[in-house]
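Take this structure first; my questions come after.
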Amino acid sequence: MASTHRNEALAALWRHAGRHDAALEAVTLTGAEPVLPSSFAVGTAAQISIAAAALAAAELWRLRTGRQQRVGVDMRDAGIEFRSEHYMRAAGQGRGEIWDKIAGLYRCGDGRWVRLHTNFPHHRDGVLKLLGCDYTREAVQRALDSWQAVAFETAAAEAGLVVTGTRSFAEWDAHGQGRAVAGLPVFSIERIGDAPPQPLPSGDRPLAGVRVLDLTRVIAGPVCGRTLAVHGADVLLVTAAHLPQMMPLVMDSGRGKLSTFVDLREPSGRETLADLARDRGCNSAEVMIDIAVEDGLETRFTKPPTSNQDRSRLTRMIQHPSVLIGASDAGAHVRGFSTYGDTAVVFDDFVRRDGVLTLEHAVKRLTSDLATAWNLPNRGLLRPGYAADIAVFDPATIARGPELDVADMPTGCARYFRGSVGVDATVINGNVAWTNTGGYAPTFAGTIASRRTR
């Protein structure tokens, strides 16, 4: 690419950020394409993005000290920095293999190609499940021989996997995603709130005194954090030991940073994150949102139990005649639930443990009281002519089961599940709907209630 083109590209980035052209006179760009084998001007992209970041740091330094710095970026050096993980050495050793053994390009049955990204276990396992094959490149290739490339790309996307079909420039330009991206700016800067400006302390680097929590993963975000660290910011990488990691990338993008593990599943981890957020001048909600977005919404946050803690108040509620004890929390929540709605807790806690309800009274509260309050005729009692809705359970052992994550939703999404202990069977309308040995019956005993107008 000619030097005029890369200078124009750098100027366009600089102006898009709202900066003045005068600063561009301090930049020198050397070298020429190609520096890497690619259909794209990768060397130019590397050169002007590094130059733009360095120029921004130089401008901040000028504002802090009144002294102007010059910026020089050679295209070959920029290309090396964009592939820095290839050249990294730790204790004299190279990076080792980054890619999973089945990741990469494959030719499909229609002669077109797809690229599989399987470095994370859930992506790898999802691809193997979709293909129905063993964990070898040969097995994957045989399975893809029966697929069309775009069809497999689509099926993988619907399953939440990372698979892309290869396309020509013209095909990409005509594709819906290509058209959508073409209408977007190269980057955007969004003001998310108002706050008074804070003066920077004295320091020997452009970003000295700036404290950053790096809550990002894999490549793009961590490299941004590394860039801030290079120019003097105090950057702390926060991740968790149980999350999958591509260690060569973590090491390479971690240059200049501090790092720590925080497990947000544990109360102590959440407290640590809140302390870090306050120390960095933001609140824990902002930090949690950043983590969720950067992790592609894969991170799940749990809240320590706060309901049902005042036992005396809860006992008075349970015993009050105007309070109905429901069998549901009134919502089909697949990613979260409250601890109020499990009927087993009534027998486990308030009958057997605390003794605030008799067994008979608890059964009445959960059956005929509800049927009467909701005007459900011929239900709630074991009586001739009534619907035989029966739960068969052992009063000595009935309890809530453990909380589990079950990945049985469409596209493999997980949901919370908590079964029961000490329940033998459920009968609806006289038909056995579920047993603890055989599970759910193949047919449904109930009917869909029609909506009635009043």
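The values are calculated or read from the model by the stated rules, or taken from the named source; none is laboratory data. Remember, it's a predicted structure, so these values are computed and weren't measured experimentally. Cβ sites come from the backbone with ideal geometry, for glycine too, and all protein chains shown count toward neighbours.
Determine if segment 110-120 includes at least one residue that is surrounded by fewer than 17 Cβ atoms within 10 Å (Cβ to Cβ), touching a residue at least 60 places away in the same chain (Cβ under 8 Å) and either acidic (Asp, Glu) or not assigned by TED's automatic domain parsing to the domain that holds Glu25 (or both).
No.
So which pairs qualify, if the first residue must be in segment 78-100 and touching a residue at least 12 places away in the same chain (Cβ under 8 Å) and farther than 21 Å from Ile48 by Cα, the second must be among the basic types (Lys, Arg) and surrounded by 12 or more Cβ atoms within 10 Å (Cβ to Cβ), the Cβ gap must be under 7 Å, and the two must be at least 6 apart or on different chains?
Between residues of segment 78-100 that are touching a residue at least 12 places away in the same chain (Cβ under 8 Å) and farther than 21 Å from Ile48 by Cα and residues that are among the basic types (Lys, Arg) and surrounded by 12 or more Cβ atoms within 10 Å (Cβ to Cβ), the close pairs are Met88/Arg95; Asp100/Arg124.
Here's a check for you: in segment 236-260, which residue that is more than 24 Å from Asp100 (Cα to Cα) and without any contact (Cβ under 8 Å) to a residue 24 or more places away in the chain is surrounded by the fewest Cβ atoms within 10 Å (Cβ to Cβ)?
Ser259
Among the residues of segment 90-116, write down those that are more than 28 Å from the chain's Cα centre (by Cα) and charged (D, E, K, R).
Answer for segment 90-116, where residues must be more than 28 Å from the chain's Cα centre (by Cα) and charged (D, E, K, R): Arg107, Asp110, Arg112.
Does Leu370 fit the bill of being under 41 Å from the mean Cα position of the chain (by Cα), in the same structural domain as Pro321 (by TED's automatic domain parsing), crowded, with 16+ Cβ neighbours inside 10 Å and at pLDDT below 90?
Yes: the conditions hold for Leu370.
If you check every pair at least six apart or on different chains, which have Cβ atoms under 8 Å apart with a residue in segment 429-444 that is part of a loop (DSSP other than H, G, I, E, B) first and a residue that is loosely packed, with under 12 Cβ neighbours inside 10 Å second?
These pairs meet every condition: Asn429/Gly446.
Next up: Can you pull out every residue in segment 90-113 that is more than 22 Å from Met246 (Cα to Cα) and β-branched (Val, Ile, Thr)?
Answer for segment 90-113, where residues must be more than 22 Å from Met246 (Cα to Cα) and β-branched (Val, Ile, Thr): there is none.
So, one more: Exactly one of (1) in the same structural domain as Ser168 (by TED's automatic domain parsing); (2) touching a Leu at 6+ places or on another chain (Cβ under 9 Å) is unmet by Val27. Its number?
The single condition Val27 does not satisfy is (1).
Follow-up. Here are some conditions: (1) surrounded by 11 or more Cβ atoms within 10 Å (Cβ to Cβ); (2) without any contact (Cβ under 8 Å) to a residue 40 or more places away in the chain. Gly126 meets all but one. Which one does it not meet?
For Gly126, the failing item is (2).
So Val71 clears everything in (1) farther than 27 Å from Gly43 by Cα; (2) touching a Leu at 6+ places or on another chain (Cβ under 6 Å); (3) assigned by TED's automatic domain parsing to the domain that holds Ala23 except one condition, right? Which one?
Status for Val71: all satisfied but (1).
Within segment 194-231, which residues are closer than 16 Å to Ala56 by Cα and without any contact (Cβ under 8 Å) to a residue 24 or more places away in the chain?
Those that are closer than 16 Å to Ala56 by Cα and without any contact (Cβ under 8 Å) to a residue 24 or more places away in the chain: Cys224, Leu228.
Starting from segment 354-369, take each residue that is assigned to a helix (DSSP H, G or I) and list its partners that are of a type in the set (Ser, Thr, Tyr), counting only C-beta distances under 8 angstrom and pairs at least six apart or across chains.
Leu366/Thr343
Checking Gln69 against (1) assigned to a helix (DSSP H, G or I); (2) more than 30 Å from Phe169 (Cβ to Cβ); (3) not hydrophobic (A, V, I, L, M, F, W, C): exactly one of these is not met. Which one?
(1)
Further question: Among helices (runs of 4 or more DSSP H) lying entirely in segment 146-220, which contain 2 or more residues that are under 23 Å from the mean Cα position of the chain (by Cα)?
Filter on segment 146-220 gives 149-158, 176-182.
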